[in-house]
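Below is one structure, written out as structure tokens; the observations come after it.
Read the figures in this text as sums done on the coordinates, not as results from a lab. Here the structure is a predicted model, which is why all the values come from computation and not from measurement. Cβ atoms come from the backbone with ideal geometry, glycine included; neighbour counts cover every protein chain shown.
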Amino acid sequence: MKIGAHQIHCITFDLDDTLWECFPVIIRAEQVFFEWLESCYPTIAKDFNVESLMLHRRQAFAAFPDMAHDFTWLRKRWLNDLVVNYDCDTARLDEGFTVFLKARNAVTLFDGVESLLERVKKHYRCGSITNGNADISMVGIDSYFDFEITASGAGAAKPDPIVFNAAIQAAEVSPENILHVGDDPERDVRGASQLGIHTAWINPMGEEWQGGGEPSLTFKNVTEMTDLLAG
């Protein structure tokens, strides 16, 4: 799907692994949370380590496939059930979730991302679309965005059309006037393109595209878009 000159009026961005590297952030957040658990619920923590607690959490999440789009709901439910099963006081559960969420959003932007977002904001409507519980306000980049779409808010996760339809409505432009930028071939590229949205695939490993629904543009990293926007 080719992009015509002056066709794009809105650019939307995936967050995790598009604007920052996600895996080390999640691992660090789980470590911070476990340290909190050791301090506040030592009787629970003594039966786990970070890895076994993460496995326990994933298994608990699997019991609620209808809520797979809402990591906040899943994590709060898991933590509540865990504490109740150990017959512990539930008074500090919100604190525990907040500890994790703050660490989960303590990200390091890829080099050049902030200047890219600044340029985008000057010339386009700008939105974020995420399946996770990354929070652009907590990250500190919300001033660059006109809107944010979350899977939990939309009631479905990418690549479900519900999510991208929510973005189209928020952008207040036609799908062919939107460029969605993301790293995931299925969730980002094919998910957006099925509604006629143009796509930019962030492909740091230089992988070959597999199957149909090819991206309109491909970049090794998101900041390579700066040259395109400058043009």
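A simple rule links phi to the HN-Hα coupling: the Karplus curve 6.51 cos²θ - 1.76 cosθ + 1.60 with θ = phi - 60°, which for the range 179-193 gives 10, 9, 10, x, 9, 8, x, 7, 5, 8, 6, 5, x, 6, 5 Hz, with x for Gly and Pro. Taking label positions 7 Å along the Cα-Cβ direction at both residue 77 and residue 142, the computed distance is 2.7 nm, reported to one decimal.
Computed from Cα atoms, the angle from the helix 161-171 axis to the main principal axis of the chain rounds to 60 degrees.
The distance between label points at residue 43 and residue 23 comes to 3.8 nm (points 7 Å beyond Cα on the Cα→Cβ vector).
Taking a ≥ b ≥ c as the square roots of the Cα gyration tensor eigenvalues, with a/c under 1.5 meaning rounded and otherwise prolate when a/b beats b/c, else oblate, which class fits the range 189-231? It comes out oblate by the Cα gyration axes. Shape class for the range 23-104, computed from the alpha carbon gyration tensor (a ≥ b ≥ c): rounded, with a/c under 1.5. Near residue 148, the amide H atoms lying under 5 Å from its own belong to 128; only residues 5 or more places off or on other chains count, and H is placed 1.01 Å from N. Residues whose amide H falls under 5 Å from that of residue 181, counting only those 5 or more places apart or on a different chain, are 12, 13, 14, 200, with hydrogens built in the peptide plane. Rounded to the nearest 20 debye, the dipole size of the chain about its Cα centre is 240 debye, using +1 on the Cβ of Lys and Arg and -1 on the Cβ of Asp and Glu. The helix-based estimate of mean residue ellipticity at 222 nm for the chain, built from -39,500 (n - 2.57) per DSSP H run of four or more residues and divided by its residue count, is -12000 deg cm²/dmol to the nearest 500. Could you give the distance between the Cα centres of the range 90-109 and the range 38-77, to the whole Å? Result: 13 Å between the Cα centres. The Cα center of the range 168-228 and the Cα center of the range 110-148 differ in position by 16 Å. Whole-Hz Karplus values for the range 54-65 come out as 5, 5, 4, 5, 4, 5, 5, 4, 5, 6, 10, x Hz, taken residue by residue from phi with 6.51 cos²θ - 1.76 cosθ + 1.60 and θ = phi - 60°; glycine and proline positions read x. Relative to the Cα centre, the charge distribution of the range 23-104, modelled as +1 at Lys and Arg Cβ and -1 at Asp and Glu Cβ, gives a dipole magnitude of about 260 debye.
Most simply put, the chain has about 5% antiparallel DSSP beta bridges, counting only bridges with both residues inside it. Largest GNM mean-square fluctuation across 196, 155, 211, computed for the chain with C-alpha springs under 10 Å, falls on 211. Extension gain for residue 122-residue 59 works out to 18.2 nm (0.36 nm per residue, less the C-alpha to C-alpha distance). Select one label from [x] 166; [y] 140; [z] 127: the one whose number is volume of the Cα convex hull per residue in Å³ as derived from the coordinates shown. Matching entry in [x] 166; [y] 140; [z] 127: [z].
Relative contact order for the range 1-128: what percent, with Cα pairs under 8 Å and sequence separation of 6 or more?
Numbers: 92 pairs, mean separation 59.9, N = 128.
In percent, rounded to a whole number, it is 47.
Structural descriptor for the chain: relative contact order 25 percent, calculated from alpha carbon pairs under 8 angstrom and at least 6 residues apart.
Each peptide in 85-92, 105-112 receives the mean, over its residues, of other Cβ atoms within 10 Å, and ordering these scores from highest gives 105-112, 85-92.
With the cut-off at under 16 Å, measuring from each backbone N in the range 102-138 to a point 7 Å along the Cα-to-Cβ line of residue 221 picks out 108-117. Cβ-Cβ distance of residue 52 and residue 162, R₀ of 41 Å, FRET efficiency by 1/(1 + (r/R0)^6): the value works out to about 0.70.
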